[in-house]
Amino acid sequence: AQTVTQSQPEMSVQEAETVTLSCTYDTSENNYYLFWYKQPPSRQMILVIRQEAYKQQNATENRFSVNFQKAAKSFSLKISDSQLGDTAMYFCAFMGMDSNYQLIWGAGTKLIIKP
Amino acid sequence: DAMVIQNPRYQVTQFGKPVTLSCSQTLNHNVMYWYQQKSSQAPKLLFHYYDKDFNNEADTPDNFQSRRPNTSFCFLDIRSPGLGDAAMYLCATSREGGGAESNQPQHFGDGTRLSIL
């Protein structure tokens, strides 16, 4: 069975700093998808970034980038020039090709950006 | 803007009194999901519809039912809510069509926070 582990329950950094959230996963599949979702307090869950396992190039979306290490089964999220609006729960999620559309979620990391 | 809309944002019901939560979408996605999320935890999938095909998770209580009368709407019915059912309920959609469209990310609504008195 697939599992997703986020080992940092909570992190805090100063505004404008760079922060990296860790995520590791376990699977026997070779093709799959990985996601980072952001959930601000009392607000909507939104997709931050998505990575296909068959792509070697790390995905980037503006200030957000990932370090995808397939052999190590690691999928960390780097937030550059952090902003107050980045304060949120961040969830790492896995979806296998034969998953019947199910996301396997990590426990989440609460990120606090301090002014 | 195309979106996933959940009504109401907050719902209060009495212990044992049936309650229905609603979700609508303008994305024309063929897959719709219902999740339960308790405080600071990851969402837990209750069930999903692929078009009209209903897929129930093995550990979803019988107390929870769902209806999808058409592509745009999906309902979550809780027949006899208990105190343990107090949670945020999230609706999500995705487009699954095989090939390049496979495994598209899920789009979430704002959620309905359910309280049980």
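The values are calculated or read from the model by the stated rules, or taken from the named source; none is laboratory data. Quick caveat, the model's predicted, so the values are computed rather than measured. When we count neighbours, we look across all protein chains shown, and the Cβ atoms used for this are built from the backbone with ideal geometry, even at glycine. Accessible surface is based on the protein model in full, side chains and every heavy atom, while ligands, DNA and RNA are left aside. Shrake-Rupley method; radii C 1.70, N 1.55, O 1.52, S 1.80 Å.
Could we say that A:Tyr54 is open to solvent by less than 20 Å² (accessible area, probe 1.4 Å) and either within 14 Å of another protein chain (Cβ to nearest Cβ) or more than 21 Å from B:Leu90 (Cα to Cα) (or both) here? Taking the combined requirement at face value, the residue does not satisfy it.
Scanning segment A:6-60 for residues that are within 30 Å of B:Pro8 (Cβ to Cβ) and hydroxyl-bearing (Ser, Thr, Tyr) yields A:Tyr37, A:Ser42.
Residue count for segment B:32-87 under the criterion of being open to solvent by less than 70 Å² (accessible area, probe 1.4 Å) and touching a residue at least 60 places away in the same chain (Cβ under 8 Å): the result is 7. Pairs please, first residue from segment A:62-87 and free of Cβ contacts under 8 Å to residues at least 40 places away in the same chain, second anywhere and in a helix (DSSP H, G or I) and open to solvent by less than 70 Å² (accessible area, probe 1.4 Å), Cβ atoms under 7 Å, 6+ apart in sequence or on different chains. Matching pairs, first to second residue: none at all.
The set of residues in segment A:1-48 that are open to solvent by 60 Å² or more (accessible area, probe 1.4 Å), within 15 Å of A:Lys78 (Cβ to Cβ) and in contact with a strand residue (DSSP E or B) (Cβ under 8 Å, 6 or more places away or on another chain) comprises A:Thr18, A:Thr20.
Scanning segment A:78-108 for residues that are under 18 Å from A:Asp26 (Cβ atoms) and open to solvent by less than 20 Å² (accessible area, probe 1.4 Å) returns A:Phe91, A:Cys92, A:Ala93, A:Phe94, A:Met95, A:Gly96, A:Leu103, A:Gly106, A:Gly108. Among the residues of segment A:94-114, those identified as more than 8 Å from chain B (Cβ to nearest Cβ), under 30 Å from B:Asp53 (Cα atoms) and of a type in the set (A, V, I, L, M, F, W, C) are A:Phe94, A:Ile104.
Where strands (runs of 3 or more DSSP E) fall entirely within segment A:19-115, those with at least 3 residues that are small (Gly, Ala, Ser) are at A:88-96.
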